[in-house]
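The values are calculated or read from the model by the stated rules, or taken from the named source; none is laboratory data. These numbers were taken from a predicted model, which means no experiment stands behind them. Here Cβ is always computed from backbone atoms with ideal geometry, including for glycine, and neighbour counts include all displayed protein chains.
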Amino acid sequence: MKRHLTLLPCVLAVVADGCTMAPDHTRPPAPVPAAWPTGAAYEGAPAAAGAPAASEVPWREFITDERLRKVIETTLANNRDLRTAALNVERARAFYTSSGPSSSHRGRDRELD
């Protein structure tokens, strides 16, 4: 009898887990168009001959607003995380090119590759 009483909560939990009061959910349509816009205004404009790509232009020449330039320069000058990351990269390069890790580390690095 005791065994039936201990099984009863387990059975009730399984049965109750199968029942839900939540309604069936249907995903609403996305609020964006399904395709890219078309038309004369969206035709690919030819790039100017000999014009460099935006990624090749230095940021000081790309950004024309003087106030924005000052903000970017201040941010770059005061960004300790960026400086710390750059110093860590330099330290790692110096470590691996000059003295290199000990022979035990070299063996482990080769095993991981």
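If the condition is being assigned to a loop (DSSP other than H, G, I, E, B) and at pLDDT below 85, then segment 14-29 contributes CYS19, THR20, MET21, ALA22, PRO23, ASP24, HIS25. For segment 53-74, the set of residues classified as part of a loop (DSSP other than H, G, I, E, B) and surrounded by 10 or more Cβ atoms within 10 Å (Cβ to Cβ) consists of VAL57, ILE63, listed by residue number. For segment 43-93, the set of residues classified as aromatic (Phe, Trp, Tyr) and within 24 Å of the chain's Cα centre (by Cα) consists of TRP59 only. Remark: ALA77 falls outside the filter, which requires a residue to be at pLDDT 80 or above and surrounded by 10 or more Cβ atoms within 10 Å (Cβ to Cβ).
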